[in-house]
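Q: Starting off with a structure, shown below.
The values are calculated or read from the model by the stated rules, or taken from the named source; none is laboratory data. Computed from a predicted structure; not experimentally measured. Cβ placement follows ideal geometry from the backbone for every residue including glycine, while neighbour counts extend to all protein chains displayed. Note: accessible area is taken over every heavy atom of the protein model, side chains too, but ligands, DNA and RNA are not part of it. Shrake-Rupley method; radii C 1.70, N 1.55, O 1.52, S 1.80 Å.
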Amino acid sequence: MTTTYRSEKLEQAFAALSANYRGTDIDLYAACRDRRAKTPVATGDFMNSIGVPTHAGANHGHPTFTLFKYNDVKTVLQDSATFNSRFMAKGFGSFFSADGLVITAMDGEAHRKARGLLQPVFAPDAVLPWRTAIEHQIRDEFILPLVPEKRADLMDFALYFPIRVIYGLIGFPDEELGNFYEYAAMGLTVLAGPKLDPTEEAASRERAMKATNTLYEAVMALVKRRRAEGAPGDDLVCRLLRAEFEGRKLDDHEITTFARSMVAAGGETTTRTFSSIMTLLLQRPALVERVRNDRSLVAKLIDESVRFEPVSTVKVRQAVRDVEIRGVQIPKDAMVQCVVASANRDEEVFDNSDTFDIDRRQKPSFTFGFGPHMCIGQYLAKMELSIAINAVLDLFPNVRLDPDRPAPVIAGSMLRGASSVPVIWD
């Protein structure tokens, strides 16, 4: 197997991040099903109760309520006037930016203006010109070299290709490929900052801030270089340098901060999603044949997979006024934890909700968010996933799970995915 893209630091950081949000070994979906039936609006931090540090942690000093039903989660996520995200600037967002310049922590006019500058860069027609380069990176650099091996663990390259793609899109030169994965390891260190134990969090914050400062310096140097060149390229930094909304452009600090946040957000979530998609597909040999013979089904496969196994199981908001949900009084400033994994399997919304079925009539799921904070990069992520899935089916004839290796298991209470997906092919 090719080893040109291996990084021990990155693999260790990914494993540490997974462990940080793994939680206790419970059947998450059974627990959520029980809550939907008995306490659809629960008092307390559900994720914390199963060993997961979240945005709704005790550091905020406010009561927490947890929602499990689809329509309740939808109501909260789409109403940023009542349930906002600004608290994240002082909590998780502070691991990325001391001045609160994190789009997921913005609301109202500030969020509208920031999204107005960023959204066009990631619109479907805007990411399409990147497709040829992304196909080359995924197929030729990662998957094609494995073909003679006849067996592999898909995670051996799944951890790397999304990072390779995002760093190429940001505009780092290819000759600095070795640095890409060092930077990504730093990004994962930042994501793993929140801890349940305050003492551990203090040490984790120190590590995270060191990593985020190093990342900032690397991206800022690139931004300054591209601005001096006149932003002539089609990479992300050049696009952001040229972006304009309502007569305003981004300054170097804003571009650097936004691009830096993508280092973490643009990599590991795609890795985990790919691992779950391939696990769900390969567990069903008949479905593998259907998708291999009809590639129009790849989009349905992705949509159903992210409904059935969302990579991030919870999203948190804060009430800006007293509000009532299903008869439960939620006071102003309370944290509202939306369990996406539960909402995506609400039996009142999805028929046979615990069945994986790519032929179902798709309804919006909340894996990529909903409302004002819908994930900006979802079209790019889906493009990467589609390219990777098609490449595996094209280049690995009769690909199937390796019978001599442990079967893949999708796990994790907060960040879900398979840590290993061993396969063989003819």
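Q: I'd like the full set of residues that are out of contact with any Asp or Glu (no Cβ under 8 Å at 6 or more places or on another chain), in a helix (DSSP H, G or I) and either within 24 Å of residue 260 (Cβ to Cβ) or in contact (Cβ under 8 Å) with a residue 60 or more places away in the chain (or both), limited to region 147-168.
A: Here is the first cut: in region 147-168, the ones out of contact with any Asp or Glu (no Cβ under 8 Å at 6 or more places or on another chain) are 147-149, 152-158, 160, 163, 166-167.
With the extra rule that they be in a helix (DSSP H, G or I), the set shrinks to 147-149, 155-158, 163, 166-167.
147, 149, 155, 156, 157, 158, 163, 166, 167, listed by residue number.
Q: I've got another one for you. Within region 120-146, count every residue that is within 21 Å of residue 396 (Cβ to Cβ), open to solvent by less than 60 Å² (accessible area, probe 1.4 Å) and in contact (Cβ under 8 Å) with a residue 60 or more places away in the chain.
A: Of the residues in that region, 7 qualify.
Q: For residue 317, work out the one condition from (1) part of a loop (DSSP other than H, G, I, E, B); (2) surrounded by 15 or more Cβ atoms within 10 Å (Cβ to Cβ) it doesn't fulfil.
A: (1)
Q: Run down 101, 10 and say which single residue is modelled with pLDDT under 90, of a type in the set (A, V, I, L, M), farther than 30 Å from residue 349 by Cα and not in a helix (DSSP H, G or I).
A: Exactly one residue qualifies, and that residue is 101.
Q: Return the residues of region 376-402 that are assigned to a loop (DSSP other than H, G, I, E, B) and surrounded by fewer than 17 Cβ atoms within 10 Å (Cβ to Cβ); say none if nothing qualifies.
A: Scanning region 376-402 gives 397, 398.
Q: So residue 333 passes all but one of these: (1) open to solvent by 50 Å² or more (accessible area, probe 1.4 Å); (2) out of contact with any Pro (no Cβ under 9 Å at 6 or more places or on another chain). Which condition number does it fail?
A: (2)
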